[in-house]
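The values are calculated or read from the model by the stated rules, or taken from the named source; none is laboratory data. Because the structure is predicted, anything quoted here is derived from the model rather than measured. For neighbour counting, all protein chains shown are included, and Cβ atoms are generated from backbone atoms with ideal geometry for every residue, glycine included.
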């Protein structure tokens, strides 16, 4: 069928086909990882478990499978159709006239086979090309779902680690506050401090206990959020190794990341395909004004068996058979369809304009996402560096205040404040580290390059569970 259109070497269709093949490989690997360990021990295993059990990703996988059927559905409009019809009829004729009475009864059985091959149906050809693009769009959307899964798993995983670190800091604060309370009580017994020091220490100890309880509850919630994604109860998780340094993004220029995002972001790619599908839809709607040409061939067979009454012996009785075949070309030229075709063409043109605006919006959103993620990484690294210094100075301040309290140049509240400051610095430092790691993944996602290898690189920063 010699329809003009894109060649097999068209770059858009080649890219779409390649993406579909890559996504089918990713899907196979995700399914192959279903037999993971009994608990999510590290980030990479958590991601692989989530790829097998997460409900959102399972829905995206099913949608991807459904989208792959757009191509054979579009191709079907170019291929021949073959139909078989059959019927059986019981005939009962009773003809009465002056002088005679004719009664004829019997069965008629017939079947027919019809073949139709489109020779020129431009709208079918356009629909076939749309099917190719829709298949590619489904692949892009599945890739988006996979990147979203990586981000959700990483966020949930580091939320658990952050909650663990916060709980550890508050537990240390409670223990230290309890020790300070005991010291204040013993000092009050010997008359070296006032009752106010005891009450202050008691207040801080009670507050630290309440904060520890809240932190434990928050940790339980974060564990359940991770379990919801990975599909099983996570056990001990691998934490960041001590002394791990965070690398700056490469390339280390926000302009390069913005440029990559405006072309490679999956949201942008999806809208580019949606725009081309919309342009094809305009073409398909306008094709409703064009003639269609089909090759039509048919074969039919019928068999009749009848009997006649004896009142009219000259009438024939018995079996009659007939066979026939036809072949020809059928032309259909639409002249007027009540304005429906023109209306659908105007509707498709408006939707094409919408798709163009959506593409512009997707590019702007990708630009903003890349800038935000880049700043999240760079400012996060600076924050981590500052908080590391704050942790060291807070620890030194605590030691100095403890020593000053022992020699009588510092009071109890100074030690308690230093303990609280150290706990806050440690909590903020842990959160800054995890936020920076997630920002690194978001930066890759904004550029459209986030993959399992990035998860593996991040996983290498973790120790054993």
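Entry remark, the stretch 247-267: residues being buried (at least 17 other Cβ atoms within 10 Å of the Cβ) and either closer than 23 Å to residue 388 by Cβ or in contact with a strand residue (DSSP E or B) (Cβ under 8 Å, 6 or more places away or on another chain) (or both) number 1 in total.
Among the candidates 169, 184, 163, 156, the residue that is more than 30 Å from residue 228 (Cβ to Cβ) and touching a residue at least 40 places away in the same chain (Cβ under 8 Å) is uniquely 184.
Considering only residues that are in a strand (DSSP E or B) and surrounded by 15 or more Cβ atoms within 10 Å (Cβ to Cβ), look in the stretch 65-104 and name the one that is modelled with the highest pLDDT. Among residues in the stretch 65-104 that are in a strand (DSSP E or B) and surrounded by 15 or more Cβ atoms within 10 Å (Cβ to Cβ), the one modelled with the highest pLDDT is 104.
Evaluate the stretch 372-392: report whether one residue or more is in contact (Cβ under 8 Å) with a residue 12 or more places away in the chain, in contact with a helix residue (DSSP H, G or I) (Cβ under 9 Å, 6 or more places away or on another chain), outside any helix (DSSP H, G or I) and surrounded by fewer than 20 Cβ atoms within 10 Å (Cβ to Cβ). There is no residue in the stretch 372-392 that is in contact (Cβ under 8 Å) with a residue 12 or more places away in the chain, in contact with a helix residue (DSSP H, G or I) (Cβ under 9 Å, 6 or more places away or on another chain), outside any helix (DSSP H, G or I) and surrounded by fewer than 20 Cβ atoms within 10 Å (Cβ to Cβ).
In a residue-by-residue description of the stretch 121-137, the property of being under 30 Å from residue 440 (Cβ atoms), assigned to a helix (DSSP H, G or I) and either in the same structural domain as residue 440 (by TED's automatic domain parsing) or touching a residue at least 40 places away in the same chain (Cβ under 8 Å) (or both) applies to at least one position. Screening residue 430 with (1) assigned to a helix (DSSP H, G or I); (2) surrounded by 18 or more Cβ atoms within 10 Å (Cβ to Cβ); (3) out of contact with any strand residue (DSSP E or B) (no Cβ under 9 Å at 6 or more places or on another chain) gives one miss only, at (3).
Just one of (1) modelled with pLDDT of 70 or more; (2) in contact with a helix residue (DSSP H, G or I) (Cβ under 9 Å, 6 or more places away or on another chain); (3) surrounded by 15 or more Cβ atoms within 10 Å (Cβ to Cβ) fails for residue 16. It is (1).
A residue that is at pLDDT 95 or above and over 22 Å from residue 127 (Cα atoms) occurs somewhere in the stretch 268-283.
Is it true that residue 216 is surrounded by 18 or more Cβ atoms within 10 Å (Cβ to Cβ), in a helix (DSSP H, G or I) and either in contact with a strand residue (DSSP E or B) (Cβ under 8 Å, 6 or more places away or on another chain) or in contact (Cβ under 8 Å) with a residue 40 or more places away in the chain (or both)? Answer is no for this residue. From the list 169, 201, the one residue that fits, being crowded, with 17+ Cβ neighbours inside 10 Å, out of contact with any strand residue (DSSP E or B) (no Cβ under 8 Å at 6 or more places or on another chain), in the same structural domain as residue 46 (by TED's automatic domain parsing) and farther than 24 Å from residue 436 by Cα, is 201.
When 176, 154, 201 are checked against the criterion of being farther than 30 Å from residue 405 by Cα and in a helix (DSSP H, G or I), a single residue qualifies: 154.
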